[in-house]
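Data first, discussion second: the structure below is written as structure tokens.
The numbers here are math on the coordinates, done by the rules we state, and not lab data. Note that the structure is predicted; figures quoted are calculated from it, not measured. Cβ placement follows ideal geometry from the backbone for every residue including glycine, while neighbour counts extend to all protein chains displayed.
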Amino acid sequence: MLGAAVLFSTGGAAIKLLSFTGWQVACMRSALAAGVIWFLLPQARKAWTPGVLGVAVCFAATMIFYALANKLTTAANAIFLQSTAPLYLLILGPLLLKEAVHKVDLLLMVVLGAGLALLLMGQETVTAAATDPVRGNILAACAGVSWALTVLGLRWQSRRGGDGDNSALTCVVAGNVLACLAAGTMAFPIPAAPVGDWMIVVYLGVAQIALAYFFLTRGISRVPALEASLLLLLEPVLSPVWAWLVHREEPSLAALGGGAMILLATMIRAFSNAERAAPAD
């Protein structure tokens, strides 16, 4: 689980190193990831049912939005804004899946909303690694919405008798294929680039996505749900660190404050969910 979180966290810094556009990165990264996951994990080769395709569309949107956002805003803002997904889950879960709303959820909505506001209202400096922070922040916020819809879709499938983790893996493969096809409409022609750029693209597809999901599937069945949720919080913690080490990218105080609020709310929600799921004595 730690290996998966560390690999996921390197995406922002790696994407910023590339001379390719966000569309080109999304296209090539997803093409490689889909092929490697399909090869490494036989359980991901299941049929693409209408339910799987619906979730895959949301997952594909997340992959594209995240790649585009990282080319325009800071890595910290990109990952923190995507991490606002629990806010949308708290709003959409009761509406679409008739999930119960608890008092702690209402408090978390306020904290997550405040963190989101800080991120969107903070003034980010335009730099070579963050050329259009405002547009990038909007795209990263869209990634949070699409990721929330992905999780909702997986929950809906599991309630209809879906195959849990295997359905999720099928959605990951299908989503990467769809992301490659959708981004490909804006990616070509792909220009010549230094060998180093191509090596980073291979790293993004093979390690940062495919190998990370391989680690995730191996770890998730051996780790309690609460521990898994907390370990995966390492991704938004490390992502700004890699960006600072590689690009000397410094998020604004508002971004760091908003990110801290989002991480705190996510951690509290993980503990709350674990407490509800615990069997009564």
Ascending count of other beta-carbon atoms within 10 Å, so fewest first, for Lys103, Lys46:
Lys103, Lys46
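What are the semi-axes of the equivalent ellipsoid for the stretch 1-63, taken as the square roots of 5 times the Cα gyration tensor eigenvalues, largest first, in whole Å?
23, 16, 12
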I need the calculated FRET efficiency for the pair Gln123 and Ser19, taking r as the beta carbon distance and R₀ as 25 Å, to the nearest 0.05.
0.35
Give the span of the stretch 33-99's Cα atoms along each principal axis, as three whole-Å numbers ordered largest to smallest.
36, 34, 16
Which ordering of Met63, Met109, Met28 is given by a fewest-first count of other beta-carbon atoms within 10 Å?
Met109, Met28, Met63
Debye-sum result for the stretch 2-272 in log10 I(q)/I(0), which assumes one identical scatterer on each alpha carbon, at q = 0.09 Å⁻¹
-0.38
Each residue of the stretch 81-88 in order: what ³J(HN,Hα) in whole Hz does its phi give by Karplus 6.51 cos²θ - 1.76 cosθ + 1.60, θ = phi - 60°, with x for Gly and Pro?
5, 5, 6, 7, 3, x, 4, 6
For the stretch 182-197, 3J(HN,Hα) per residue [Karplus equation, 6.51 cos²θ - 1.76 cosθ + 1.60, θ = phi - 60°, Hz, x = Gly/Pro]
5, 5, x, 5, 10, 8, 8, x, 8, x, 5, 8, x, 4, x, 5
Hey, what's the Cα Rg ratio for the stretch 106-211 versus the globular rule of thumb, 2.2 N^0.38 Å?
1.40
Karplus 3J(HN,Hα) series, Hz, for the stretch 97-104 with 6.51 cos²θ - 1.76 cosθ + 1.60 (x for Gly, Pro)
10, 6, 6, 5, 9, 10, 4, 5
Just want the ordering: Ser272, Ser158, from fewest to most Cβ atoms lying within 10 Å of their own Cβ.
Ser158, Ser272
Among Leu81, Leu95, Leu139, which one shows the biggest mean-square fluctuation in a GNM of the chain, springs joining Cα atoms closer than 10 Å?
Leu95
